[in-house]
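Below: the structure, in structure tokens.
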Amino acid sequence: MSEKTILKLQLPTDPLWVKNVVESNIEELLTDHAFCEQKAASNAITLIVQNPNLSDLVQEMAALVQEEMDHFKRVHDIILERGFVLGRERKDDYVNELRKFIVAGGSRSEQLVDRLLFSAMIEARSCERFKVLSENINDEQLSAFYHELMISEATHYATFIRLAKKYASGVDVDKRWKQYLEYEAEVVKNYGKSETIHG
């Protein structure tokens, strides 16, 4: 899979992130990953709460919540298998910086589209990170696990983009997505230095 053609991310993660940072602290990576899955489920729940009248969106987000929490449990299972304990939630500075780009004000449609594109952006970068992990980590179990989740994240990314286009009343989704990609490329320059999924 080429991130340039599918995800269109402008700045790839250096594979040395895995060798030089992640492999020295797998426990930290797994704790952060578990909470990323939990936050993804929470985000989908928020979209349901804010848009109960959009039945298609509610159905898709309900399925997403189940999948993300299944991923959370699977990460937690790996944590327990390795004799670790789930640590405290980590602050995700990358996601918090992305959140600043969500449109303030505007129509209900603009706000929804931006929330969906924000969600798509996180899934796209998570997918890219999982690909880098699966191809570079010296751990057969985690390599296979992250390859599987890479495919799942790509599907989630596509779902959010599709929903954004479906509910985009008067919003140029392609133009706004290009703006997100440009903004994310600047944000992610500061990351790739810690043993967290977006760090």
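Any read-out appearing in this document is the output of simple, stated calculations on the displayed coordinates, not a laboratory observation. Computed from a prediction, not measured in an experiment: that's the story for all the values here. All Cβ positions, even for glycine, are placed from backbone atoms using ideal geometry, and neighbour counts span all protein chains on display.
Here are the numbers for the structure shown:
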| quantity | calculated |
| --- | --- |
| Convex hull projection area averaged over all views, the chain, Cα basis, nm² | 10.5 nm² |
| Estimated 222 nm signal from helices in the chain, with DSSP H stretches of n ≥ 4 weighted -39500 (n - 2.57), rounded to 500 | -23500 deg cm²/dmol |
| Full-stretch length increase - SER169, THR46 - with 0.36 nm per residue and alpha-carbon distance subtracted | 42.2 nm |
| Taking HIS147, HIS76 and counting other C-beta atoms within 10 Å, the order from fewest to most | HIS147, HIS76 |
| Length-normalised contact order of the chain in % [C-alpha pairs under 8 Å, at least 6 apart] | 32 percent |
| Cβ-derived FRET efficiency at R0 41 Å, ASP77 paired with VAL103, nearest 0.05 | 0.60 |
| In region 121-199, the trypsin sites (Lys or Arg not before Pro) that fall in loop regions by DSSP, at most 13 other Cβ within 10 Å | LYS189, LYS193 |
| Net lengthening on full extension, HIS147/ASP56 (0.36 nm per residue, minus Cα-Cα) | 29.9 nm |
| Trypsin sites (Lys or Arg not before Pro) within region 1-89: DSSP coil, no more than 14 neighbouring Cβ in 10 Å | LYS4, LYS8, ARG82, ARG88 |
| Low-density loop cleavage sites - GluC sites (Glu not before Pro) in region 49-96, where at most 13 other Cβ are within 10 Å (DSSP) | GLU89 |
